[in-house]
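The values are calculated or read from the model by the stated rules, or taken from the named source; none is laboratory data. In this text the structure is predicted, and so the values were computed from the model without any measurement. We place every Cβ from the backbone using ideal geometry, glycine too, and count neighbours over all the protein chains shown.
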């Protein structure tokens, strides 16, 4: 290790290099101590024994889990972090083949088993039955002749990171000020006829000054459409797009943030005063995101601004002209909020001069593949990845209901690129990556599967489909090798699944 390593903690990869080297050596220190050996050899053995002890202690201090097997998949070593992350007992693992652990349901899947089958690095997501959701990265270790001698997997807890990324995907900044952008919405043009008609309508509305209300479920791209409308308007392109999340700014600050304030308007105010977001927008566009979350008392002042096109700064006596166009978005039912007296009826009708309703992603499945490729290209570049999806994986993605719509799809692709990296994701990987609580929603109810039973969990139904597909392949192929080639899987994988489902030749 370098001196820099001393300052930044132990590298899991550095420790593993030492660990693998030592685990390859047939050491018999206790036996050798019993022999009448020269003192220098005894000292060497004692030093080596100390190195082994130190190494094990270092590996047990790592936050990443370590799992090492031999070339047949027999478990040789797991560190303490792996035991903590998996919720398993060391004595249940050591000496057992990972293939058996997987088939017996001890492990949800085995990265090391796939490393042995493919003879290449593999990354998987493991939802341990009694532990955490983890990213498992496995690698093969070869001897000088190119023969596989060990597999090693590094296990990282991603459940907390997963929760953070989901939270960040839901949260938005309180306000964003953007200059004119080179694109219109940042998303590929839709192939859905309804969306094409909607976008043409947006282009016609772009040149107007009238207020516009965009409604749709969360994540459908309301802010992207508002940005496109801003960029398409010739007059607006000279101004700025100011996006304001009405539910994110604290209620006691929202008035001063929107309208600005004069010097000394309140305790803690800037001595020089401050321009509000409405004033900073100039001749551009004010995007009121999630307008349904705006405090009721502030709705009156907003209505006055829209009617009079003027406003006062907080603590000020001079009127400030308001020249920007207002676009409001919401995923709430404003009519119901009006009935519940949580949203002003007069403001609703003032905003609802023109309205665009964005359909959810599940109603325009033709857009899923272009969006998937768009986000995949974006995040492969951003994170220097080379992730690809199998045909079966793409089918699962297209058939998922995506309750979080475009935002959820985007978050899913980014997490896949970050966690999986340069590997190929199959259908099973996609199912593992999708939120556990949405497993029953992964496939729309309208979709029919001739091979799947009508009852049972998704895992059971997919297993039934897989059994029938494998049974059909074995029945039509002349040999098991030919059946494996037809299914595009390794022969060892076919043999394992054949045994799992009790199939005969």
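Conditions (1) closer than 15 Å to residue 118 by Cα; (2) modelled with pLDDT of 75 or more; (3) not in a loop (DSSP other than H, G, I, E, B), marked per residue:
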residue: 454; (1), (2), (3): no, no, no
residue: 468; (1), (2), (3): no, yes, yes
residue: 478; (1), (2), (3): no, no, no
residue: 496; (1), (2), (3): yes, yes, yes
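Suppose we keep only residues that are within 20 Å of the chain's Cα centre (by Cα) and buried (at least 20 other Cβ atoms within 10 Å of the Cβ) within region 111-127. Which one would you say is modelled with the highest pLDDT?
122
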> Would region 132-143 turn up any residue that is free of Cβ contacts under 8 Å to residues at least 24 places away in the same chain and over 20 Å from residue 426 (Cα atoms)?
Replying inline: yes
> Of all the residues that make up region 383-405, how many are more than 16 Å from residue 430 (Cα to Cα) and either in contact with a strand residue (DSSP E or B) (Cβ under 6 Å, 6 or more places away or on another chain) or free of Cβ contacts under 8 Å to residues at least 24 places away in the same chain (or both)?
Replying inline: 1
>> Can you confirm whether residue 257 is under 34 Å from the mean Cα position of the chain (by Cα), outside the structural domain of residue 407 (by TED's automatic domain parsing) and modelled with pLDDT under 90?
In response: yes
> So which helices (runs of 4 or more DSSP H) are wholly in region 241-312 and hold at least 1 residues that are touching a helix residue (DSSP H, G or I) at 6+ places or on another chain (Cβ under 7 Å) and more than 23 Å from residue 353 (Cα to Cα)?
Replying inline: 251-259
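So that you can scan it fast, the table gives a plain yes or no per residue for (1) more than 22 Å from residue 223 (Cβ to Cβ); (2) within 16 Å of the chain's Cα centre (by Cα):
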| site | (1), (2) |
| --- | --- |
| 378 | no, yes |
| 392 | yes, no |
| 405 | no, yes |
| 410 | no, yes |
| 413 | no, yes |
| 417 | yes, yes |
> Scanning for something under 22 Å from residue 190 (Cα atoms), in a helix (DSSP H, G or I) and in contact with a helix residue (DSSP H, G or I) (Cβ under 6 Å, 6 or more places away or on another chain), does region 348-358 turn up at least one residue?
Replying inline: no
>> Given the criteria touching a helix residue (DSSP H, G or I) at 6+ places or on another chain (Cβ under 6 Å), surrounded by fewer than 20 Cβ atoms within 10 Å (Cβ to Cβ) and in a helix (DSSP H, G or I), does residue 369 qualify?
In response: no
> Is at least one residue of region 189-212 in a strand (DSSP E or B) and at pLDDT 80 or above?
Replying inline: yes
> Of all residues in region 469-491, which are more than 15 Å from residue 503 (Cβ to Cβ) and in contact (Cβ under 8 Å) with a residue 24 or more places away in the chain?
Replying inline: 490
> Is there a residue in region 324-336 that is at pLDDT below 95 and over 28 Å from residue 194 (Cα atoms)?
Replying inline: yes
>> Among the residues of region 22-40, are any surrounded by 17 or more Cβ atoms within 10 Å (Cβ to Cβ) and either modelled with pLDDT under 90 or in the same structural domain as residue 127 (by TED's automatic domain parsing) (or both)?
In response: yes
> If you scan region 407-428, which residues turn out to be surrounded by fewer than 18 Cβ atoms within 10 Å (Cβ to Cβ) and touching a strand residue (DSSP E or B) at 6+ places or on another chain (Cβ under 7 Å)?
Replying inline: 421, 424
> Filter region 343-366 for residues that are in contact with a strand residue (DSSP E or B) (Cβ under 9 Å, 6 or more places away or on another chain) and within 22 Å of residue 408 (Cα to Cα); which is surrounded by the fewest Cβ atoms within 10 Å (Cβ to Cβ)?
Replying inline: 357
